[in-house]
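Q: First, the structure itself, so that you have it in front of you.
Where a number appears in this text, it was derived from the coordinates with a stated rule and is not lab data. Keep in mind that what you see is a predicted model, and the values were worked out from it rather than measured. Please note: Cβ atoms are built from the backbone with ideal geometry, for glycine as well, and neighbour counts cover all protein chains shown.
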Amino acid sequence: MKENYIAKRLEANGIVQGVGFRPFVYQLANRYGIKGEIANTSAGVSLHIEGTSNDIDLFCRDLTEKCPPLAKITDMSIRSVPLGGYKDFSIAKSKGQQFRSTLISPDVAVCDDCLSELFNPDDRRFQYPFINCTNCGPRYTIIDDIPYDRLNTSMKHFTMCEMCQSEYDNPSNRRFHAQPNACKVCGPHVTLYDARKNVIEAVDPVKGTTVLLKKGYSVAIKGLGGFHLAVDAENGDAVCRLRERKHREEKPFAVMSYSIGRVEEYADVSSEEKTLLTSFQRPIVLLKKREPNQLSKDVAPRNRYFGVMLPYTPLHYLLLQHDFLALVMTSGNCIEEPIAIDNDEAFERLSDIADYFLMHNRDIYLRSDDSVERIAAGSKRYIRRSRGYVPIPVFLKQEVPQLLACGAELKNTICLTKGKNAFLSQHIGDLENLETYSFFKMTIEHMERILDIDPVAVACDFHPDYLSTHYAQTLSGIPIIQVQHHHAHIVSCMAENQIDGPVIGLSFDGTGYGTDGCIWGGEILIAETGNFSRAAALSYIPMPGAAAAIREPWRMMLSYLYDAYGEAFIDLNIPSVHEISVKKRNVIVDMILKKINSPLTSSLGRFFDGVAALLGIRSRVSFEGQAAIELEMLAEDMSSDVYDYEWAEEDMLRVLTAPIIKGIVRDVGKGIPSAVISSKFHMTLIRLFSDLCWVLREKTGLDRVVMSGGVFQNSLLLDGLKTSLEKNRFQVFTHSQVPANDGGIALGQALAAAAMMQ
Ligand code: ZN
Ligand code: ZN
Ligand code: FE
């Protein structure tokens, strides 16, 4: 023992297990001549270190600054302890079962070290599709239980060969304790089948797949979190056939390209977008199309953007390296069902869609769709937060009890809380069928198990008929807390920004059940985490046909027109009105007058739909938000012109839609181009809501504005409103960690419920 040696105990919590943290520490200790040991603990890792005070300082600096890409230290404590007389630095044996509360890493794209081995003919893993190390590979999707050990993953069926085992056991190796470690000799393999489960023999399955794709066939490819359906994105016939078979009329397909260079042949890529595309999470990023381009026009019809991702598994790299500008890589599911993960299930469910199947024999325990993001208003914005991010928690300002929040109906995700962590699940989907509902239940059980969470209460939406609400009601023995939909949106945004109320909350979306039984969606709330009041909203308008009015925006158009003009709207010179038969028009007017199946709504999403139909952009939609998206896409340079707008002072401020509708009708009559009208409409909303915030600030003294809800996926509105409010000295909070849409709502439910319980 040297005389100037001191000893410290260091506890680090966060994502520090299964991410190469201990080998990193081992190598760091050797670099600075530090003695001692490191061990996994219940919350992270514990280190005993001995050395000179200078070496210890350098060691501690590198520990936080140079930690492995996947590791995340959420907090760290250091204290002085007596010297232990260690002769070297070692990794203490993990004590296994007792460690249940460490954070689990998400699935991670193949790293550069593994990639260079993959393409090195001299490497023993040359072209092996399952190459991985502690810095990359599958995690969340292959874990069945904790601790994160090979036996608790779907790799338990593969016994490591001698060479793999020696890497696994060597603390200085990149594959030390890499649970999915494998090679050609001992690990999983790919097999190519036709749709009748016959093995296609005598070819390299990966090369065979590229040949089939080149010929225009569709192939179901098993990936990390589920199956993709792939076709050559340049082959229009193949893309159309896939649309027909998948019953997916127009919703854009995501594509995958080998490199940024290839992406730039068909889309513009900014430096922020490049960072996002190449991040280890490898999300689908929405990129502006470059026109003209070589991809089939049916990849993303009537959309200015392509959803693009780079390869994230070694298999993807092998498939894309030589051929293809891009492959369509869309979720392997039938419409509205969860993505297929099991081999037999895939044959059963996808054999009407895919011509061939590229399967492998490593099981996926938990499905996880690709995440979808875009850059808007200067930050990255989630449209779907799933693979690559889950189960990294949202870090909260203060501790909350262990809670389960069941989310909403569409784009469902669930949320579990524990301490200062809120774990939002991967994308579950629209809870409208039994398959998705059972996936929902399975995800809750699975996450409760691997995160070791036993909820003391359950939060759900206010809507009496949501399946997620019904589920909450089936849980016996714990209290149920119902949270109003738009309040939950605002609290979700407050939670990720770590702020408390009260705030002015702009909660704009398509549908949410109001406390008065009407359908809300254009709401300005004065909100705190545990309660809210409604300060302003769009005035109520009937939705003739209820759910049908969501699918068929022409119904909403007639409803807004009737509200503005009464029956005189029939005489207006609007082509999209005259395209509707007199009989149909009369039925709708009758429904509105007699209040037949016409619930009232204050939804801003429906207002967008109505305006889109009025401009003849779209009279029916095949996916949620389609008309609104196309209206946004149409807007070019932002107008400085606005339509007249006004609100009425009633029990709250009621925004009247009629003056805006009348302005649009006048412009349509004058033959003003739809692109101009769309810009003017967006600008009108920006001015209108800025004014309302101004009025509410006068009334309440609040100057913090929180913006949430699916309508804020509209980047013109998000950007315009944020800029306008900030110019007027408001502090504006938006989403950048969870989606603004219903995919982020479970977080708000959980936090609101926690506040209500106090
Ligand atoms: Zn790697
Ligand atoms: Zn091996
Ligand atoms: Fe919503």
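Q: What is the Cα coordinate range of the range 2-91 on the first, second and third principal axes, sorted by size from largest, in whole angstrom?
A: 37, 23, 19
Q: Determine, from the Cβ-Cβ distance of Val695 and Asp500 and an R0 of 22 Å, the FRET efficiency 1/(1 + (r/R0)^6), rounded to the nearest 0.05.
A: Calculated value: 0.40.
Q: Isolated Cys in the chain by the 4.7 Å beta carbon test?
A: Cys60, Cys67, Cys114, Cys133, Cys164, Cys183, Cys240, Cys334, Cys415, Cys493, Cys518, Cys693
Q: With a ≥ b ≥ c the root eigenvalues of the C-alpha gyration tensor of the range 672-752, is it rounded (a/c under 1.5), prolate (a/b larger than b/c) or oblate?
A: It comes out oblate by the Cα gyration axes.
Q: Additional query: Quick one: length gained pulling Asp452 to Val582 fully straight, 0.36 nm per residue minus the C-alpha distance?
A: Between Asp452 and Val582, full extension yields 40.7 nm more.
Q: Want the number for Glu265 to Asp88: 0.36 nm per residue separation, take away the alpha-carbon distance, what's left?
A: 58.3 nm
Q: List the residues, sorted by chain then number, that are 5 or more residues from Val255 or on another chain and whose placed amide H is less than 5 Å from its amide H.
A: Placed amide hydrogens put Gly307, Val308, Met309, Met329 under 5 Å from Val255.
Q: Let me ask something additional. Taking the range 623-676, which trypsin sites (Lys or Arg not before Pro) meet the DSSP loop condition and have no more than 11 other C-beta atoms within 10 Å?
A: Lys670
Q: Right, next: Compute the Cα gyration tensor for the range 453-528, then decide on rounded, prolate or oblate, letting a ≥ b ≥ c be the square roots of its eigenvalues: rounded whenever a/c is under 1.5, prolate when a/b is larger than b/c in the other cases, and oblate in all that remain.
A: Here the range 453-528 falls in the oblate category.
Q: Need one number: convex hull volume per residue for the range 259-411, Cα atoms only, in Å³.
A: Here the figure is 175 Å³ per residue.
Q: At a Förster distance of 56 Å, what's the computed FRET efficiency of Arg304 paired with Thr159, Cβ-Cβ distance as r, to 0.05?
A: Numbers: r = 51 Å, r/R0 = 0.91.
For Arg304 and Thr159, the calculated efficiency is 0.65.
Q: Here's something else I'd like to know. Would you mind ranking His578, His427 so that the residue whose beta carbon has the fewest other beta carbons within 10 Å leads the list?
A: His578, His427
Q: Can you put Ser576, Ser166 in order of Cβ neighbours within 10 angstrom, beginning with the fewest?
A: By the 10 Å Cβ count, ascending: Ser166, Ser576.
Q: Can you tell which of Tyr168, Ala326, Asn433 lies farthest toward the positive end of the dipole of the chain, using +1 and -1 charges on the Cβ of basic and acidic side chains (Lys, Arg; Asp, Glu)?
A: Checking the options against the dipole of the chain, the answer is Tyr168.
Q: Label-point separation (nm) for Glu65 and Lys662, each offset 7 Å from Cα along Cα-to-Cβ?
A: 6.6 nm
Q: How much FRET efficiency would the formula 1/(1 + (r/R0)^6) give for Gln758 and Gln473, where r is the Cβ-Cβ distance and R0 is 25 Å, rounded to 0.05?
A: Working: r = 23 Å, r/R0 = 0.92.
That pair, Gln758 with Gln473, gives E of 0.60.
Q: Where the eigenvalues come from the Cα gyration tensor of the chain, what are the semi-axes √(5λ) of the equivalent ellipsoid, largest first, in whole Å?
A: Values: eigenvalues 451, 211, 102 Å².
Value: 48, 32, 23 Å, ordered largest first.
Q: While we're here: What are the GluC sites (Glu not before Pro) within the range 1-99 that DSSP puts in a loop, where the Cβ has at most 10 other Cβ atoms within 10 Å? Kindly include the intermediate steps, with their values, before the conclusion.
A: Working: sites: Glu3, Glu11, Glu37, Glu50, Glu65; in loops: Glu3.
Passing sites in the range 1-99 are Glu3.
Q: Tell me what the chain gives for mean residue ellipticity at 222 nm when only DSSP H runs of n ≥ 4 count, each as -39,500 (n - 2.57), the sum divided by the residue total, rounded to 500 deg cm²/dmol.
A: Roughly -9500 deg cm²/dmol at 222 nm, from the helical runs in the chain.
Q: Separate question: Please arrange Ser603, Ser257 by how many other C-beta atoms lie within 10 Å of their C-beta, fewest to most.
A: Listing Ser603, Ser257 from fewest to most nearby Cβ atoms yields Ser257, Ser603.
Q: Extension gain Asp719-Lys197, at 0.36 nm per residue separation less the Cα-Cα distance, in nm?
A: 182.9 nm
Q: Once you wrap a convex hull around the alpha carbon atoms of the range 457-602, what is its projected area averaged over all directions, in nm²?
A: 10.7 nm²
Q: Kirkwood hydrodynamic radius (Cα pairs, Å) of the range 190-360?
A: 15.9 Å
Q: Just in the range 1-55: which trypsin sites (Lys or Arg not before Pro) are loop by DSSP and have at most 14 other Cβ atoms within 10 Å?
A: Lys2
Q: Same structure, new question: What is the diffusion coefficient of the range 538-614 in µm²/s, taking the Kirkwood radius over Cα pairs and the Stokes-Einstein relation at 4 °C with a viscosity of 1.567 mPa s?
A: 107 µm²/s
Q: To continue, here is another question. Where does each of 143-154, 430-441 land if you order them by average Cβ count within 10 Å, highest first?
A: Highest to lowest by the protection proxy: 143-154, 430-441.
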